Amino acid sequence: MHLSDHNSHAPLSASACGPLKGRIRPPGDKSVSHRSLILGLLAVGETKITGLLEGEDVLRTADACRHLGAKVVRHADGGWSVWGAGLGSLMQPSETLDFGNAGTGSRLMMGVVAGHPIVVRFDGDASLRKRPMKRILDPLLLQGAQVLEQAHDGRLPLVIQGSSEPLPVEYKTPVASAQIKSAVLFCGLNSPGQTTVIEVEASRDHTEKMLAYFGATIKSEPFGPHGRKITLQGRPELSPRVVNVPVDPSSAAFPLVAALIIPGSRVVIEGVMTNPLRSGLVTTLLEMGADIKLENQREEGGEEVADIIASYSQLRGVEVPPERAPSMIDEYPILAVAASFAKGATLMRGLSELRVKESDRLAAVAEGLRVNGVVNEIIGDDLKVEGGAVVGGGVVETHLDHRIAMSFLIMGLAAQKKITVDDETMIKTSFPQFQSLMQELGAHFS
């Protein structure tokens with residue numbers, strides 16, 4: 001089986017356009033999509049999913065679920081069904097689980113595998129092979145899993161031997177990371193006792209909400225000023241559910257910011273998840289003076305959802321506090337674009353996590369801003385962006401990072417000169433319809 005690597009680059013340019021107008025529904029949330037497939041695998045019976053993000057990352061997780069014994073089917077109407085093997089009944093896969101570029105899928109599945117007596121080889125593309133896995137593996141080893149093979153310093157490719165009796169643990173995460181927390185909880189599902197995760201800074205809570213929705217006994221309570229303590233009872237009866245995946249706020253961020261920076265624009269983005277632990281970008285943009293309204297607020301599949309209306313706004317620079325980082329970690333590249341068009345300077349603090357994303361996202365953002373004439377500075381783990389009129393005209397190196405690619409294409413729609421990204425092929429990992437939906441609103445790409 002060949003591994004997924006990007007050999008052919010496909011540059012794409014964006015140039016200034018008139019006002020963006022219309023209603024769109026971007027793809028489903030990536031975090032909820034991965035978890036709905038995984039929980040479908042662990043429940044017995046048919047889990048029905050609508051709105052699943054059909055990006056490459058999520059399709060890799062669907063494949064992995066098949067290899068572990070689930071029947072996963074896409075229906076003609078775009079809905080999906082997962083017939084699960086059930087907790088404790090996963091199959092030994094006959095081949096490597098290749099996760100492509102999917103950091104979330106691979107890390108969550110390591111937790112699942114660690115709690116089952118099977119041996120599984122994990123691999124991915126060149127970008128995923130560079131990403132740190134040790135902080136996921138460390139707690140799984142405490143829970144009884146073994147790492148039989150690994151590349152340098154716990155990187156992919158690696159082989160995990162899971163445990164038939166995962167040990168009940170209390171684990172304090174070293175950084176605010178939903179992926180570490182989720183891996184520990186997924187492993188703890190098959191433990192005969194109680195698994196506790198303590199976070200000093202709360203990270204996104206989709207795993208806890210969805211575990212409860214599928215029937216697990218799980219309790220989340222405050223811990224200190226910003227943290228959470230999550231307690232899971234092992235060996236629950238997980239029941240199959242119907243999951244309506246809400247729109248990914250990280251994908252909605254691109255048309256949202258585009259509407260704010262292109263004069264005369266008014267865009268409605270339907271069905272966006274408004275989970276407070278994911279809404280840091282909207283909070284920040286409102287502080288910057290953005291005209292953003294939430295309508296039709298409701299709950300779907302345990303998550304809060306609303307339609308977002310965004311209109312052109314005169315933004316001003318602000319200081320973004322470090323404790324907000326976990327609630328908007330994927331949105332800093334597009335926030336940096338918004339900041340480029342704001343009046344005055346924006347200071348984003350505490351961005352160390354950006355250094356270990358699909359690329360060193362902090363360095364990539366700073367360089368992309370620089371080649372397009374935006375004055376900026378990295379000060380320790382902070383990024384300072386000077387706003388004003390964006391000249392553009394640069395070619396941005398994306399480093400195989402979908403969010404860098406989309407952020408700078410949005411910048412090009414409002415800059416004086418066109419902006420080119422060196423490669424747009426990886427945008428399909430999270431937002432396959434990015435180009436077509438933006439063009440529906442009036443964007444210019446070439």
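We did not get these values from a lab; they are worked out from the coordinates using the rules stated. Note that the structure is a prediction, hence the values are computed from the model and not measured. Note that each Cβ is placed from the backbone with ideal geometry, even for glycine, and that neighbours are counted across all protein chains shown.
Structure summary
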| quantity | calculated |
| --- | --- |
| Footprinting exposure proxy for Tyr332, Tyr171, Tyr213 (fewest neighbouring C-beta atoms within 10 Å first) | Tyr213, Tyr171, Tyr332 |
| Estimated FRET transfer efficiency (Ala16, Asp77; beta-carbon r; R0 35 Å; 0.05) | 0.35 |
| Highest-fluctuation residue, Arg316, Arg266, Arg298 considered, GNM on the chain with Cα pairs under 10 Å | Arg298 |
| Other-chain or far-sequence residues with amide H under 5 Å of Val396's (modelled H) | Thr420, Val421, Asp422 |
| Packing-based exposure ordering (other Cβ within 10 Å, fewest first) of Lys209, Lys418 | Lys418, Lys209 |
| Label-to-label distance, nm, for residues given as Ser446 and Glu165 (7 Å Cα→Cβ offset) | 6.9 |
| Degrees, to the nearest 10: 249-261 long Cα axis against longest axis of the chain | 10 |
| Distance between modelled label sites at Leu286 and Arg155, nm, 7 Å Cα→Cβ extension | 4.1 |
| For the chain, built as a Gaussian network whose Cα springs stay under 10 Å, the top-fluctuating residue of Ile329, Ile379, Ile419 | Ile379 |
| Quotient of C-alpha Rg and 2.2 N^0.38 Å, computed over segment 369-425 | 1.12 |
| Alpha-carbon Debye profile of segment 207-261, log10 I(q)/I(0) at 0.21, 0.28, 0.29 Å⁻¹ | -0.85, -1.03, -1.07 |
| Scaled radius of gyration (Cα, divided by 2.2 N^0.38 Å) that segment 1-76 gives | 1.50 |
| Projected label distance in nm at Ile198 and Ala212, using a 7 Å step from Cα toward the beta-carbon | 2.2 |
| Cα-only Debye scattering, segment 181-328: base-10 log of I(q)/I(0) at q = 0.14, 0.15, 0.20 Å⁻¹ | -0.77, -0.85, -1.19 |
| Residues Gln439 and Ser311, FRET efficiency given R0 of 25 Å [Cβ-Cβ distance, rounded to 0.05] | 0.80 |
| FRET efficiency, Lys130 to Glu319 (Cβ-Cβ, R0 35 Å, nearest 0.05) | 0.65 |
| Local electrostatic count, Pro246, Cβ distance below 12 Å [Lys/Arg +1, Asp/Glu -1] | -3 |
| ³J(HN,Hα) computed for each position of segment 195-205 - Karplus, 6.51 cos²θ - 1.76 cosθ + 1.60, integer Hz, glycine/proline x | 10, 10, 10, 10, 10, 6, 10, 5, 9, 3, 10 |
| Principal-axis tilt of helix 361-371 within the chain, Cα atoms, nearest 10 degrees | 20 |
| Which of Glu295, Glu199, Glu386 has the fewest Cβ neighbours within 10 Å, and the rest in rising order | Glu295, Glu386, Glu199 |
| Kirkwood hydrodynamic radius (C-alpha pairs) into Stokes-Einstein, segment 163-259, 20 °C and 1.002 mPa s, D in µm²/s | 147 |
| Whole-number D in µm² s⁻¹ for the chain, Kirkwood Cα-pair radius fed into Stokes-Einstein, 25 °C, 0.890 mPa s | 112 |
| Selection from Pro11, Val73, Leu42, by position along the positive dipole direction of segment 9-93 (Cβ) | Pro11 |
| DSSP beta bridges in segment 30-244 [antiparallel fraction, %, rounded to 5] | 80 |
| Karplus (6.51, -1.76, 1.60) ³J(HN,Hα), θ = phi - 60°, over segment 215-226, in Hz, Gly and Pro reported as x | x, 6, 8, 9, 10, 10, 9, x, 9, x, x, 10 |
| Stokes-Einstein D in µm²/s, Kirkwood radius over Cα pairs - segment 48-163 at 4 °C with 1.567 mPa s viscosity | 89 |
| Rg [Å, one decimal], Dmax [Å, integer] - segment 30-244, C-alpha atoms | 15.7, 48 |
| Degrees, to the nearest 10: 178-188 long Cα axis against longest axis of the chain | 10 |
| Net charge over other residues, Cβ less than 13 angstrom from the Cβ of Pro432 (K, R count +1; D, E count -1) | -3 |
| Once the Cα gyration tensor of segment 251-394 is diagonalised, semi-axes √(5λ) in Å | 25, 19, 12 |
| Antiparallel bridges, percent of DSSP beta bridges restricted to the chain (to nearest 5) | 75 |
| Cross-link table Lys21/Lys417; Lys30/Lys357; Lys71/Lys229, entries beyond 27 Å C-alpha to C-alpha | Lys71/Lys229 |
